[in-house]
1. May I have the pair-distance distribution P(r) for the range 1-110, computed from all Cα-Cα distances with 5 Å bins from 0 and rounded to whole percent?
2. Distance between the C-alpha centers of the range 55-71 and the range 176-196? Whole Å please.
3. Classify the range 132-171 from the C-alpha gyration tensor, please: rounded if a/c falls under 1.5, else prolate or oblate depending on whether a/b exceeds b/c.
4. So with the 1.4 Å probe, I'd like the accessible area per residue for the chain, rounded to whole Å².
5. Sort 145-156, 170-181 by the packing proxy (mean of other Cβ within 10 Å over each peptide's residues), most packed first.
6. Across the range 91-169, how large is the tail of the calculated P(r) beyond 15 Å, expressed as a percent of all Cα pairs?
7. Towards the positive end of the charge dipole of the chain, with charges on Cβ (+1 Lys, Arg; -1 Asp, Glu), say which of L95, T193, L110 has the farthest Cα.
8. Using helices alone, what [θ] at 222 nm do you get for the chain, with -39,500 (n - 2.57) per DSSP H run of 4 or more residues, divided over all residues and rounded to the nearest 500?
Amino acid sequence: ILLDEFFDLEGKIRYTENQIDRAFATEQTSTGERLELENSLSKFKKQRRSLRLDVEAILEAEISTLLREQEIPLNAGKLLFPPVDFTLVHPPLSLAISPRDRIERVKTILLDPDVPISEREDLETRIFHEENMAALVMGMGGLSTYPSIIASGDLRRTLVIASHEWLHQYLFFRPLGFNVYQSQEMRTLNETTANIFGNELGSLLYTRIVGK
């Protein structure tokens, strides 16, 4: 029930945020309607914050149990290493900068996740004209800091991303992880491995949780 309530609120938050972005983009919504949307968004976020820590604890325990059952992690006595630890908040936006004549990411800059769409578009345009570079602001599903930052959406997506980011942390202590920046091929191999692992483990977890 707690998980259902949390992810239902997440859906309401995303829907309301889209409504607000659309209202500002089209300028067809009255000031009163925009204020009502913003008040609803604030209420949903407050309710979500009150549930977040409990939901994180439940999902971390579920992931940890399955990892032990699959005999995947390094173990230090009874300690699962690295311990599963993440926070369900919106991760930063990613500003990717590339030459205009070829696809090559030359720089990535993290941005505040609450930057409005209008400001993102303005930033892309200014970089295009002033720096003669292509720029794109993108959302991120997660960030493998410790604890990981996970953008919760629905339950399945959250489990997949949490599993994906945990594997990045696990690989940090192994050759595939600590050599990740040696070449583009190593980065691709690292990310592909995490994608496969996240999808497999996340799907197993989802089936287990919804079947309870």
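1. 2, 9, 13, 12, 11, 13, 14, 12, 8, 4, 2, 1, 0
2. The distance from the Cα centre of the range 55-71 to that of the range 176-196 comes to 24 Å.
3. Taking the square roots of the gyration eigenvalues as a ≥ b ≥ c, the range 132-171 is oblate.
4. 60
5. Result, highest mean Cβ count within 10 Å first: 145-156, 170-181.
6. 62
7. T193
8. -21000 deg cm²/dmol
The values are calculated or read from the model by the stated rules, or taken from the named source; none is laboratory data. Small disclaimer: the values here were computed from a predicted structure and weren't measured. Please note: Cβ atoms are built from the backbone with ideal geometry, for glycine as well, and neighbour counts cover all protein chains shown. What goes into the accessible areas is simple: the full protein's heavy atoms, side chains included, and nothing from ligands, DNA or RNA. Shrake-Rupley method; radii C 1.70, N 1.55, O 1.52, S 1.80 Å.
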